[in-house]
1. For region 37-84, which residues satisfy the criterion of being touching a Gly at 6+ places or on another chain (Cβ under 8 Å) and of a type outside the set (A, V, I, L, M)?
2. Looking at (1) over 17 Å from Gln89 (Cβ atoms); (2) surrounded by fewer than 14 Cβ atoms within 10 Å (Cβ to Cβ), which is the only condition Pro53 fails?
3. Answer with yes or no whether Val96 is touching a residue at least 12 places away in the same chain (Cβ under 8 Å), of a type in the set (Val, Ile, Thr) and part of a strand (DSSP E or B).
4. Any residue in region 65-85 that is buried (at least 21 other Cβ atoms within 10 Å of the Cβ) and farther than 26 Å from Ser100 by Cβ?
5. Using beta carbons and a limit of 9 Å, which pairs, at least six apart or on different chains, have the first residue in region 52-66 and at positive phi and the second one open to solvent by less than 30 Å² (accessible area, probe 1.4 Å) and at pLDDT 90 or above?
6. Just checking, does region 89-112 include any residue being of a type in the set (Gly, Ala, Ser), farther than 16 Å from Val31 by Cα and buried (at least 16 other Cβ atoms within 10 Å of the Cβ)?
7. Can you spot a residue in region 26-35 that is of a type outside the set (A, V, I, L, M) and out of contact with any strand residue (DSSP E or B) (no Cβ under 7 Å at 6 or more places or on another chain)?
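The values are calculated or read from the model by the stated rules, or taken from the named source; none is laboratory data. Since the structure is predicted, the reported quantities are computational estimates derived from the model, not experimental observations. Cβ sites come from the backbone with ideal geometry, for glycine too, and all protein chains shown count toward neighbours. All accessible areas refer to the heavy atoms of the entire protein, side chains included, with ligands and DNA or RNA removed. Shrake-Rupley method; radii C 1.70, N 1.55, O 1.52, S 1.80 Å.
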Amino acid sequence: MARPVLVVVSLVAGLGFVLPQTALGDPIAIVEDSAYRVGVFLVVDALVANQAPQRIEGLQVTVEFRDFFGKVKRVEHAWASPGLLGSGQVGALRVVTPYSDGVRSLRYRFTWWQDGAQFQAVVSRDISTIGFVIRDRNRWTQPSLGPVNLEFRRVS
């Protein structure tokens, strides 16, 4: 009985050395993100930073929009811009999807290439923990501030 367990543990430990690893863990960090409504759309803007000492090529993100129970409501894809991030550089991305009251959390799935190897990282965010603003024409609402009326005037 102990022998099969030992074999499984050694295989899992050995597999950890075979899979590509980044130098300092996951080098992708979300510096800032916000989700807001524009008409019938939900817009997610995010700034992502390369925290690794090496450059990152082709940072792709898949954003999963999930409901209260974790069920996937919608999936959208985007590429961070610029396509090549040096160490310490920040890239931006935007995802637009039809608005749904049922969306409660986001799951960012990052894929990138570094020194010829492909890597992935997953970051889950509750919508209430990110900067959330509902934008409708001339009226903005932010949960912490309450309603704020904005007036736009043309300057001649």
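1. Residues satisfying the conditions are Asn50, Gln51, Arg55, Glu57, Gly58, Asp67, Phe68, Lys73, Trp79, Ser81, Pro82, Gly83.
2. Going through (1) over 17 Å from Gln89 (Cβ atoms); (2) surrounded by fewer than 14 Cβ atoms within 10 Å (Cβ to Cβ) one by one, Pro53 breaks only (1).
3. On the way: touching a residue at least 12 places away in the same chain (Cβ under 8 Å): yes; of a type in the set (Val, Ile, Thr): yes; part of a strand (DSSP E or B): yes.
Yes.
4. Yes: one or more hits.
5. Gly58/Ala80; Gly58/Thr111; Gly58/Trp112
6. Start the filter on region 89-112 by keeping residues that are of a type in the set (Gly, Ala, Ser), which leaves 91-92, 100, 102, 105.
Filter once more, keeping what is farther than 16 Å from Val31 by Cα: 100, 102, 105.
Within this subset, residues satisfying the condition of being buried (at least 16 other Cβ atoms within 10 Å of the Cβ) are 105.
Checked region 89-112: at least one residue is of a type in the set (Gly, Ala, Ser), farther than 16 Å from Val31 by Cα and buried (at least 16 other Cβ atoms within 10 Å of the Cβ).
7. Step one: of region 26-35, the residues of a type outside the set (A, V, I, L, M) are 26-27, 32-34.
Among the residues that remain, those that are also out of contact with any strand residue (DSSP E or B) (no Cβ under 7 Å at 6 or more places or on another chain) are: none.
Looking through region 26-35, none of the residues is of a type outside the set (A, V, I, L, M) and out of contact with any strand residue (DSSP E or B) (no Cβ under 7 Å at 6 or more places or on another chain).
Residue-by-condition table, conditions (1) modelled with pLDDT under 90; (2) farther than 21 Å from Ser128 by Cβ; (3) in a strand (DSSP E or B); (4) among the hydrophobic types (A, V, I, L, M, F, W, C):
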| residue | (1), (2), (3), (4) |
| --- | --- |
| Pro4 | yes, yes, no, no |
| Gly16 | yes, yes, no, no |
| Leu24 | yes, yes, no, yes |
| Val43 | no, no, yes, yes |
| Leu47 | no, no, yes, yes |
| Ala78 | no, yes, yes, yes |
| Asp101 | yes, no, no, no |
| Leu106 | no, no, yes, yes |
